[in-house]
Amino acid sequence: MTPYTVLILLVVAERFAELSVARRNGAWSRARGGREHGAGHYPAMVALHTALLLGCLVEPWAAGRPFLPLLGWPALVLVVAAQGLRWWCISALGPRWNTRVLIVPGLALVSRGPYRYLRHPNYLAVVVEGVALPLVHTAWVTALGFSLLNAALLTVRIRCEDDALAGARPVPASGAAA
């Protein structure tokens with residue numbers, strides 16, 4: 001279980017790095033008139049993601065689950081791929097990326113990086129990681145529970161984000177609404 005614990009601790013460290021980037025980017029957005037949307041669901045998101053990491057540690061230990069190589073190694077590959085996708089999203093959005101829905105009025109949607117292919121690629125990374133990270137060490141109850149709760153949360157989050165972005169799109173130079 002020790003290598004798995006190290007993996008979870010590395011993901012925790014990655015989360016703190018994300019929060020540092022989000023804090024810096026939040027200051028950038030607010031300095032440009034950015035407004036937060038959906039602050040009410042943010043604590044639930046933090047709690048759910050914290051529960052995922054705790055469940056990853058507690059479930060295999062409490063249930064005596066073994067590492068199953070045929071499940072664990074492919075799941076680890078998916079975890080690494082999800083992290084790569086997440087940081088590609090962070091890079092593509094630059095100072096506009098955040099863990100909160102902070103919208104700077106008048107900015108066009110980003111259409112580079114993974115946003116060329118998907119509208120919400122960061123949430124794909126979250127979904128994949130939410131399944132794969134627990135399955136690295138057979139924490140299938142955590143994977144299932146997180147996935148179900150995350151689906152409900154993402155329904156709210158994506159709707160909130162889409163509504164906020166729709167209201168912030170720049171008006172064409174002619175002054176006509178697009």
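Applying a threshold of 6 Å to beta carbon distances and a minimum spacing of six or more residues, or different chains, the list of pairs starting in segment 47-74 at a residue that is of a type outside the set (G, A, S) and ending at one that is open to solvent by 60 Å² or more (accessible area, probe 1.4 Å) reads L48/L149; E59/V141. Among the residues that make up segment 4-18, is at least one of them open to solvent by 40 Å² or more (accessible area, probe 1.4 Å) and not in a helix (DSSP H, G or I)? Within segment 4-18, not a single residue is open to solvent by 40 Å² or more (accessible area, probe 1.4 Å) and not in a helix (DSSP H, G or I). From the list G167, G130, the one residue that fits, being small (G, A, S), at pLDDT below 95 and assigned to a helix (DSSP H, G or I), is G167.
Out of all the residues in segment 1-45, which are of a type in the set (D, E, K, R) and within 16 Å of the chain's Cα centre (by Cα)? Spell out the reasoning first.
First, the residues of segment 1-45 that are of a type in the set (D, E, K, R): 14-15, 18, 23-24, 30, 32, 35-36.
Matches in segment 1-45: E14, R15, E18, R23.
Taken over segment 135-145, the criterion of being of a type outside the set (A, V, I, L, M, F, W, C) and touching a Leu at 6+ places or on another chain (Cβ under 7 Å) is satisfied by T138, T142.
The values are calculated or read from the model by the stated rules, or taken from the named source; none is laboratory data. Since this is a predicted model, take the numbers as computed values, not measurements. Reconstructed Cβ throughout: ideal geometry from the backbone, glycine too, with neighbour counts over all protein chains shown. Only protein heavy atoms, including side chains, enter the accessible area calculation; ligands, DNA and RNA are left aside. Shrake-Rupley method; radii C 1.70, N 1.55, O 1.52, S 1.80 Å.
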